[in-house]
Amino acid sequence: MYKTHYCGDLRASDAGTDVVLAGWVHRRRDHGGLIFIDLRDSRGIVQVVVNPEDAPEAHAAASDARGEYVLRIAGRVEPRRQGTENDRIPTGAIEVRATGVEILNPAKTPPFYINEDADIDEQLRLKYRYLDLRRERLHNNIVMRHRIVAEIRRYLTDRGFIEIETPVLANPTPEGARDYIVPSRVHPGEFYALPQSPQQFKQLLMVAGFERYFQIARCYRDEDLRADRQPEFTQLDLEMSFVEQSDIWDLFEELYLHLARTVRPDLNVPSPFPRITYADAMRRFGSDKPDLRYGLELNDFTDLVRETEFAVFRGAADSGGAVEGICVPGGAEFSRKEIDALTETVKQLGARGLVSIAYTAGMEALTEESVRSPVLKFIGVDLARRLGERAGANSGDLLLIVAGAGGMPAKEPGSAGRVKPSLDALRRALAQKLDLADRNTLQFAFVVDAPLVEWNDEEDRWDAVHHLFTSVHSDDLHLLDTDPGSVRSNAYDLVCNGWELSSGSIRIHRREEQVRIFELLGIIPEQQQERFGHMLEAFEYGAPPHGGFAPGIDRTVAIFAQETDIREMIAFPKTKSASDLMTNAPTPVDPSVLDVLGLQLKPRTARDGQ
Ligand code: ASP
């Protein structure tokens, strides 16, 4: 028998019990007589004492043991001597007096400390992920992930949802990223696409009459990776029939509150979750995933600067751009260097610069002496006052203003010259600098009424903002032909603390409406038939009204674990260049494998040159 108990489970009430334990040497201290071993297993750590007088053979084995050796230890649980208890660990009231110690497997010295939460080189962590996962923080993250997924399954099952698997070898489902493709051996020259999401299947399950579906689904998107993106990631994919948007929002608000109560009752989760429109989110925060834990809202000054001599402001206003800014309470004290650093932040997002105006008096008493700004001689005190009034500035505050191309930013922030993404980045940087975001608050919100389409300059066509199965907001149907760019959709996101956690929509369920959207998106009838013929056909066999949502599991668990990188929540993540440093994937394949598939690689130079 390897173990009668788990190390981490032993408590004062176990005193007097004979136990057999098995686990890893977390720490070993040789007091030149007594040897203390902190023995670790999947449930925690317990202190073992090996006394050469009680158990000489056990002591000899314990002398040989080193960090991360695997041991089996027999002994008796005893209360610790008074004054030696450790209230920082759950087993701290007791220790195990060893009668036998057996080395089951020795270990090389690990490349980093397992028993410390130190900063370790990322590459090393990923190469030795199985050792990294032994560390307490990662171990707890993975356990929390399991608890959340288990809770989601229970919650949805209790509400009549059915978990159904859908294929991984599938056809392309456009979600805006590049597909991972898999060549077919049986059909040379043909390919499966790994699903970017089970979108089509879940809609077809509604046509099939299940009404309430969910799945913990793996999704694959070949796109540039960031802290909140992995090439393969997991969604709670969900679809319901006969629902309106608010039914879905209510369900998910309750689910997330339930998860918070279950796994992080210590965190502050304000409810009800606010529901703000996409247009308001953009106007007030410059982002469709605003962090609502703090203010620093955007102010639009465009109408105030049309008359100014200051060419940067006036030029932007005259050319249909925008002049917008943020009022920083107490920011008048920022040094030149601090403002330069913030200027760098907005420049990275394409802004040409940042105009600062510091106020050392209230707006009613403002004079040349009480405004500090590199552009004061161009804008004058009068405009400085009107800008300050618009932003609600007080004495001691600082206005930071960006001028440039206005309008809605593309879905991905970063589009050059846009004012909104720059101010979004500025807002985040300011919040961090001033420590405004309460770490122990999860501020969820639904961002609703997203636009249906956005113009794709490169391809010269409209692209779906959510995806092409999303239905049109009933108030905007009349604009479809005349002004598609201002049409709202029935799409919504769940956001939290500046992260997009989930997207979803009420879908189209009638063939003619779907065809109309395909046409708007420039998908010609042959392509409609070839790529989505099965969907169009299914809609003719009594498709019910339906809609869904799909929260990212990796992001959800990261939010609850207060991690900022989803890789801390994934057992075996990939690097930012999509490789697995432990298994070395991706790897070249033997030419014979390609042969069977009827594939031939282009010479490298030809591919690189493309
Ligand atoms: N399939 C969508 C996505 O992955 C979510 C949804 O519409 O339910 O973003």
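The values are calculated or read from the model by the stated rules, or taken from the named source; none is laboratory data. In this text the structure is predicted, and so the values were computed from the model without any measurement. Glycine gets a Cβ as well: all are built from the backbone with ideal geometry, and neighbour counts include every protein chain shown. Areas reflect the complete protein model, heavy atoms only, side chains present, ligands, DNA and RNA absent. Shrake-Rupley method; radii C 1.70, N 1.55, O 1.52, S 1.80 Å.
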TODO: Could you look through the stretch 87-121, keep only residues that are of a type in the set (A, V, I, L, M) and more than 34 Å from the chain's Cα centre (by Cα), and pick out the one that is farthest from GLU68 (Cα to Cα)?
DONE: ALA93
- [ ] Determine, yes or no, whether ARG147 is open to solvent by 40 Å² or more (accessible area, probe 1.4 Å) and either among the aliphatic types (A, V, I, L, M) or in contact (Cβ under 8 Å) with a residue 12 or more places away in the chain (or both).
- [x] yes
- [ ] Looking for whichever is outside any loop (DSSP other than H, G, I, E, B), among the small types (Gly, Ala, Ser) and closer than 27 Å to ASN141 by Cα here; the options are ALA22, ALA58, ALA118. Which one fits?
- [x] ALA22
TODO: Can you confirm whether the stretch 564-576 contains a residue that is at pLDDT 95 or above, in a helix (DSSP H, G or I) and aliphatic (A, V, I, L, M)?
DONE: yes
Open item on the list: Could you go through the stretch 544-557 and let me know if any residue there is more than 16 Å from the ligand (Cβ to nearest atom), open to solvent by less than 10 Å² (accessible area, probe 1.4 Å), under 30 Å from LEU426 (Cβ atoms) and touching a Lys or Arg at 6+ places or on another chain (Cβ under 8 Å).
Closed with: yes
- [ ] Could you pull out every one of the strands (runs of 3 or more DSSP E) wholly within the stretch 230-329 that has 3 or more residues that are open to solvent by less than 40 Å² (accessible area, probe 1.4 Å)?
- [x] 232-241, 322-328
- [ ] Could you please find all residues in the stretch 362-377 being hydrophobic (A, V, I, L, M, F, W, C), in contact with a helix residue (DSSP H, G or I) (Cβ under 8 Å, 6 or more places away or on another chain) and outside any loop (DSSP other than H, G, I, E, B)?
- [x] MET363, VAL371, LEU376
- [ ] Evaluate the stretch 107-116: report whether one residue or more is buried (at least 17 other Cβ atoms within 10 Å of the Cβ) and either closer than 30 Å to ASP224 by Cβ or within 16 Å of the ligand (Cβ to nearest atom) (or both).
- [x] no
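A quick yes/no check of all residues on (1) closer than 21 Å to LEU354 by Cα; (2) within 16 Å of the ligand (Cβ to nearest atom); (3) over 32 Å from the mean Cα position of the chain (by Cα):
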site: GLY392; (1), (2), (3): yes, no, yes
site: LEU426; (1), (2), (3): yes, no, no
site: PHE446; (1), (2), (3): no, yes, no
site: GLU454; (1), (2), (3): no, yes, no
site: GLU459; (1), (2), (3): no, no, no
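State the number of residues belonging to the stretch 166-194 that are part of a loop (DSSP other than H, G, I, E, B), within 16 Å of the ligand (Cβ to nearest atom) and either polar (S, T, N, Q) or touching a residue at least 40 places away in the same chain (Cβ under 8 Å) (or both).
The qualifying residues number 11.
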TODO: Please go through the stretch 195-219 and pick out each residue that is more than 11 Å from the ligand (Cβ to nearest atom) and either open to solvent by 30 Å² or more (accessible area, probe 1.4 Å) or of a type in the set (Val, Ile, Thr) (or both).
DONE: LEU204, VAL207, ALA208, GLY209, PHE210, GLU211, ARG212, ILE216, ARG218
Open item on the list: Looking at GLU190 and the list (1) exposed (fewer than 14 other Cβ atoms within 10 Å of the Cβ); (2) modelled with pLDDT of 95 or more, which single condition is not satisfied?
Closed with: (2)
